[in-house]
1. Decide, for the chain, between rounded, prolate and oblate: order the square roots of the alpha carbon gyration tensor eigenvalues as a ≥ b ≥ c, take rounded if a/c falls under 1.5, and otherwise choose prolate if a/b is larger than b/c, else oblate.
2. Helix-only mean residue ellipticity at 222 nm, the chain, DSSP H runs n ≥ 4 weighted -39,500 (n - 2.57), per residue, nearest 500. What is it?
3. Whole-Hz Karplus ³J(HN,Hα) for region 248-263, in order, using 6.51 cos²θ - 1.76 cosθ + 1.60 and θ = phi - 60°, x for Gly and Pro?
4. Fully extended, how many nm does the chain gain between Asn314 and Gln173 (0.36 nm per residue separation, minus their Cα-Cα distance)?
5. Go through Lys119/Lys232; Lys119/Lys212; Lys279/Lys410; Lys212/Lys410 and tell me which ones have a Cα-Cα distance over 30 Å in this structure.
6. Out of the trypsin sites (Lys or Arg not before Pro) in region 60-132, which ones are loop residues according to DSSP with at most 12 other C-beta atoms within 10 Å?
7. How many angstrom separate the Cα center of region 280-331 from the Cα center of region 214-277?
8. Would you kindly state how much longer the chain becomes between Thr346 and Trp81 on full extension, computed as 0.36 nm times their sequence separation minus their alpha carbon distance, in nm to one decimal?
Amino acid sequence: MRRLDWKVSVLLAVLGAATACGAGEKGARSGDLPWVTQVDSTGDTIRVRITGEVPPEQVRRLVSEVEVGAEDGAEENTFGWVVSVLATPTRGFLVFDAQVPALRLFDSTGAFVKNIGHKGRGPGEFEQVNGITSLPDGRIVVWDATGARLNTYSDTGAFLTSWRVPFSGHFGQNMLWSDDAGRVYAWAVLERDSVDFTRGTRGVIVFGDDGKVLDSLPYPVWREPPPSLIAKTSDGRGASSYTFPFWPSSVASVSPQGGFVSGPGDPYVLYFTHRDGVKPVRIDRDFTPVPVSPTERSEHKALVESGLRRTDPNWSWTVAGIPDNKPAYDEVTVALDGRVWVEVSTPGVAIPAAELPPIRPGQESQPRLTTRTPTMYDVFSPQGRLLGRVEFPRRVAIRTARGNDVYAVKRDSLDVQYVVRYRVEPALPR
């Protein structure tokens, strides 16, 4: 999932028009689940309404099954900067370490198998990698942004060929996806804003499984972008920007079903749109707003001011204030099986004093955060049914998932990175 801050008119008329439930609406409570799901499929859009909370005793956890990484170990088992993790059909995983750079294949037990490609600009080589994905026939696709190409490899890692990317100069992380039909989606700036570099029309370039460009699709955007927090240097040649704290923004992610999962961030509404004639789905989820605490408000505001004043010492907070409540959700990750993982907002908790970073001499006035928020995901089926809620351990970031397997990057107290395959416990229903 990727947070979006750009205004695009797309899909709104189709999905936004379906606001009233018609005949045929049904309510269903599954087993002892405390939430109720109502589905209305009579119109052009399937409407799913979910009421009821997930109580703490029914929140699921992640249990580590396989863990790879070490502070000091063999080169193939130590990581500097893990950017991408891709699950293989046999529950192994591909890991791209941008610090080397290296693309490493591990089996289902976490044992190192081989490197795929290596650093360079020749055939099958790469430098800056914007993302990795795989096709239904097992081929692996790696976006070498330095060479403006998509390298394709066999399921065993043998280099096959390269496809040209029709643009260059974009560098990022996890910006490549694929769908069940073998199409490949590469993140792109479809239209630039000549005034504000943080805005523009973002979307994807769609490739066929033979590397030919098929289409370009703008991301669905459901709300106005947040106010800009930008500082420029006095000569106008440099600039820096910050994300507006706790401001809801449109989010979108590519679905393996060949479309987007997207929403406004607040209220708790999600849209599943597909490319192949499948009815779109709109989910309306009841939720209790999570307030921004006074401590969170003051500390996040101070961090923004401190950061931007390093670029412009005279920068001042002249835009709208920080919202009273957090967004309903922040990010959306679509798993390899089409399940949708939605990161929901949670109340902040105090960081224990022993875990706070030390204040060094001369930095007493530097702002820092003394609260943190537990990471929690609501998980939906590809049809929009709420399957449950999963709490993540601290310092663990999801990269992908399939079924009840979650592939993530964990950082320890020394900031050493590990790639971990977790199991959701108890298991989410099918």
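Quick note: the coordinates plus some simple rules give every number you see, no bench work behind them. The structure presented is a predicted model; accordingly, all values stated were derived computationally and were not measured. Backbone-built Cβ (ideal geometry, glycine too); neighbour counts: all protein chains shown.
1. Rounded, because the longest to shortest axis ratio a/c is under 1.5.
2. Mean residue ellipticity, 222 nm, calculated: -1500 deg cm²/dmol.
3. Going residue by residue, I get x, 9, 4, 10, 7, 8, 6, 9, x, 7, x, x, 10, 10, 8, x Hz, with x marking Gly and Pro.
4. Numbers: separation 141, 0.36 × 141 = 50.76 nm, distance 3.27 nm.
Additional length available on full extension: 47.5 nm.
5. Values: Lys119/Lys232 35 Å; Lys119/Lys212 25 Å; Lys279/Lys410 37 Å; Lys212/Lys410 37 Å.
Listed pairs above 30 Å: Lys119/Lys232; Lys279/Lys410; Lys212/Lys410.
6. Details: sites: Arg60, Arg61, Arg91, Arg104, Lys114, Lys119, Arg121; in loops: Arg91, Arg121.
Here the trypsin sites (Lys or Arg not before Pro) that fit, given the DSSP loop and packing criteria, are Arg121.
7. Value for the Cα centre distance between the two parts: 16 Å.
8. Taking 0.36 nm per residue and subtracting the Cα distance, the gain is 92.6 nm.
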